[in-house]
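Just below is one structure, and these are the notes that go with it.
The values are calculated or read from the model by the stated rules, or taken from the named source; none is laboratory data. Since the model is a prediction, treat every value here as computed from it, not as a measurement. FYI the Cβ positions are ideal-geometry reconstructions off the backbone, even for glycines, and counts take in every protein chain you see.
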Amino acid sequence: MLDIIETIQQLTNIPSPTGYTAEIIGFLDENLKKKGYQPERNHKGSLMVTVKGNEDHKRRFVTAHIDTLGAMVRAIKPDGRLKIELIGGFTYHSIDGEYCTIHSAATGKEWTGTILLHQTSVHVYKDARTAERSQDNMEIRLDAEVHSAKDVASLGIGVGDFISFAPRTEITPSGYIKSRHLDDKASAAILLQFLHRIADENLMLPYTTCFFFSNNEEIGYGGNSNMPPHTMEYLAVDMGAMGDDQQTDEYTVSICVKDGSGPYHFGLRQQLVGLCESKAIPYKLDIYPFYGSDASAAMKAGWDVRHALIGPGIDASHAYERTHRKSLDACASLLEAYLSAPMIEN
């Protein structure tokens, strides 16, 4: 069976900041075709796989997103350093000192670099410890001999080129996986594993289910415009956020009861809780105050569906993240239990 952690490692090592996701969508497309699926792409570049179930008149829609945080070249400075424009909701502090890759749109070449505070050297700058990490102060030091904006332009690097961050994926003997972009490639791996199981074991789901790999979630929308007719329920599989006042941890599946958009569907939430209780799946209920999912975006778009959000617990979200195999397994177990269960009634 497809190993979730190994799959996460594969996915995190494919650069895919929002807006630059063709490579990872192509990877998923080929992977699923080898299992006999016929994936479809929408005009936005997302990927959907429809699995026929016993009943087609009622359908389920399940998403995970494969786009990640990233950046673009904002400007080229006179000394050859690059200014940064952020893609997604994260802080400059979280990328200070990170390795990155600049993807040249003009040439197709890639150039490596390091994201640094301009006043990094404590031997030179009095405010090295106190300077604000902001667009004005952060820059990329290219791994190329450049002394001017003209030198950088000669490499084929220009404004609007995408910047991806090094994932630095590590798997520990104790079962932890540390990496950037576990949000949401951990969940994408869980969906991919279950799709492999369906194909390998000829599983029959009670309802036709659409598995959607969205590519615009980090900028606020993804699977909110491509649901087929008769969709009744929408399950987003995304990370569970950890911190003060949070119940989520790295060893259980998190069931979100409310995020920044408002409460999730109470009846569907209760069904998920009941499945965890009956099947001894470790879980936590939680509220994510500064969070939105593809499911909540679908509600804002006006879809008449029951919506829910589950996911593995991720520490240090939108930075150098970490989770544990126990949480991944719990999330995978709840996904299977839900997709195998009857729909609730309103």
| field | Filter result (buried (at least 22 other Cβ atoms within 10 Å of the Cβ) and of a type outside the set (V, I, T)) within segment 81-102 | value | L82, C100
| note | When restricted to F61, F27, the only residue surrounded by 15 or more Cβ atoms within 10 Å (Cβ to Cβ) and free of Cβ contacts under 8 Å to residues at least 24 places away in the same chain is F27
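Residues checked against (1) surrounded by 13 or more Cβ atoms within 10 Å (Cβ to Cβ); (2) part of a strand (DSSP E or B); (3) touching a residue at least 12 places away in the same chain (Cβ under 8 Å):
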site	(1), (2), (3)
E218	yes, no, yes
S225	yes, no, yes
D244	no, no, no
C256	yes, yes, yes
Y291	yes, no, yes
H307	yes, yes, yes
| said: among the charged types (D, E, K, R) and either modelled with pLDDT under 95 or more than 18 Å from the chain's Cα centre (by Cα) (or both): is that true of D244 in this structure? | reply: yes
| Is there a residue being in contact (Cβ under 8 Å) with a residue 40 or more places away in the chain and farther than 23 Å from Y20 by Cα anywhere in segment 100-116? | no
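Okay, residues lined up against (1) within 13 Å of the chain's Cα centre (by Cα); (2) small (G, A, S); (3) over 30 Å from A106 (Cα atoms):
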| position | (1), (2), (3) |
| --- | --- |
| A153 | no, yes, no |
| D161 | no, no, no |
| K178 | no, no, yes |
| L192 | no, no, yes |
| P206 | no, no, yes |
